[in-house]
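Chemist: Starting off with a structure, shown below.
The values are calculated or read from the model by the stated rules, or taken from the named source; none is laboratory data. Note that the coordinates shown come from a computational prediction; the quantities given were computed from them, not determined experimentally. For neighbour counting, all protein chains shown are included, and Cβ atoms are generated from backbone atoms with ideal geometry for every residue, glycine included.
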Protein chains: 2
Amino acid sequence: MNALTRLGMVSESPSNAQTTRNAEGAEATKDYFIERDGMRFAGMHLLVDLWEAEGLDDPAAIEAALREGATAARATILHGHFHHFSPSGGVSGVLVLAESHISIHTWPERGFAAIDIFMCGACDPYRALPALKAAFRARRVAVSEQRRGVVR
Amino acid sequence: MNALTRLGMVSESPSNAQTTRNAEGAEATKDYFIERDGMRFAGMHLLVDLWEAEGLDDPAAIEAALREGATAARATILHGHFHHFSPSGGVSGVLVLAESHISIHTWPERGFAAIDIFMCGACDPYRALPALKAAFRARRVAVSEQRRGVVR
C-alpha cells in the first residue's frame, strides 16, 4: 500500500470501477467520498468521551491502544505523536492516518478522556472502538457520530 | 510558559485562585475544565467544514494558516505534522496543542476541507476561525460546536 496516496481502501489494485464497497456496505467513490444511507460525505467522525477510565497517564500504553484501534479499522498510520503533561499526568496524542486521524486527550485527575476517530473512504471508525474500550476500561462511554463534508 | 504543563491559560503565574476567567467570561478550573452557561466540561470542540475553498493542496500554506489560528486563540503549539498526498494533492495535518489540537484534512478535488479546533481551559477556539477562513477563502463554512466531557 502506498502510504503517500489517500487510500480509504484496503487494496490499491487498478480497477475500472469508480466505487468500492466495504464490509458494512458503504461505498467509497474514487475521490474517497463515502455513500451510505443515501448520503454522500467525506468521512465518518466519531467523538468518543470516556468516563471513569483507567490508564490515562501512560503515554506508551495509550499510543499502543490507538495503534491497535487504527489497525482494527484497517487504517494506514502515517505518523504518531504523544505528549505527557505534568503535573497532571495527562496525555495528548494523535495518529495521522491516510484515512484522517485518531486523537486523544486525557484528564487522569477526572478519569476522563476525549477521543476522536475520523476516517474517510472505506475504513469504518466503529471498528476501532473495541480496542479503545478494552484499553481504558471506561465505565461510561458516549459516542457521537458526525458525518463530515456532507454533499448537499 | 512551560509547554510541558497542560495550561489552558495564558499566564502560569502562581495563584491561590481556583479559577480564572477568559475574555469571553468562561471560567477555567484548576484541572482546566471549563464552566460556561451553567455547564462544566473539558473542552470546546469546533467541527468546521469548508466548501468551495482554495489553497487546499499547499502543505506549507496550510500549516501556516493553522499556526496563525492557534496563535490567535493563544494556544501553545507543541508539535505539528503535515502530510501531502498524491495524486490528489490533498493534505492531512495536525497541530498538537497544550490545549488539545487543531487538525485538517483537505480534498482539493472537491474544494472541501474538514477542520477540527479542540481547545480546553481558557483558550477560545472561535478565535482561530478568522485566520482559517481568510486562508482558505471558502465560500461556504459550516461550524458545529461540540462540548466535550460535559460533567453530569
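Chemist: Kindly list, by first and then second residue, each pair from a residue in the range B:78-90 that is over 19 Å from residue B:136 (Cα atoms) to a residue that is of a type outside the set (Gly, Ala, Ser) and part of a loop (DSSP other than H, G, I, E, B), limited to pairs with Cβ atoms under 8 Å and residues at least 6 apart or on different chains.
Modeler: Qualifying pairs under 8 Å: B:86/A:4; B:86/A:5; B:87/A:5.
Chemist: Can you tell me which residues in the range A:50-101 are closer than 21 Å to residue B:97 by Cβ and touching a Lys or Arg at 6+ places or on another chain (Cβ under 6 Å)?
Modeler: A:85, A:88, A:90
Chemist: I'd like the full set of residues that are more than 9 Å from every other protein chain (Cβ to nearest Cβ), modelled with pLDDT of 95 or more and over 20 Å from residue B:84 (Cβ atoms), limited to the range B:104-123.
Modeler: B:117, B:119
Chemist: So residue B:88 fits all but one of (1) facing chain A (nearest Cβ under 10 Å); (2) over 25 Å from residue A:79 (Cβ atoms); what number is the exception?
Modeler: With (1) facing chain A (nearest Cβ under 10 Å); (2) over 25 Å from residue A:79 (Cβ atoms) applied to residue B:88, the lone miss is (2).
Chemist: Tell me the strands (runs of 3 or more DSSP E) entirely within the range B:58-152 that contain at least 1 residues that are over 10 Å from the mean Cα position of the chain (by Cα) and of a type in the set (D, E, K, R).
Modeler: By residue number, B:140-148.
Chemist: For the range B:64-74, indicate whether the set of residues that are more than 10 Å from chain A (Cβ to nearest Cβ) and among the β-branched types (Val, Ile, Thr) is non-empty.
Modeler: yes
Chemist: To continue, here is another question. With the checklist (1) under 27 Å from residue B:85 (Cα atoms); (2) in contact (Cβ under 8 Å) with a residue 40 or more places away in the chain; (3) facing chain B (nearest Cβ under 10 Å) in hand, flag the one item residue A:49 doesn't pass.
Modeler: It fails just one condition, (1).
Chemist: On to the next question. For the range A:94-137, name all the residues that are surrounded by 22 or more Cβ atoms within 10 Å (Cβ to Cβ) and of a type in the set (Gly, Ala, Ser).
Modeler: Scanning the range A:94-137 gives A:98, A:100, A:103, A:113, A:114, A:121, A:122, A:128.
Chemist: Report, by residue number, each residue of the range B:20-57 that is of a type in the set (D, E, K, R), modelled with pLDDT of 90 or more and part of a loop (DSSP other than H, G, I, E, B).
Modeler: Residues satisfying the conditions are B:52, B:54, B:57.
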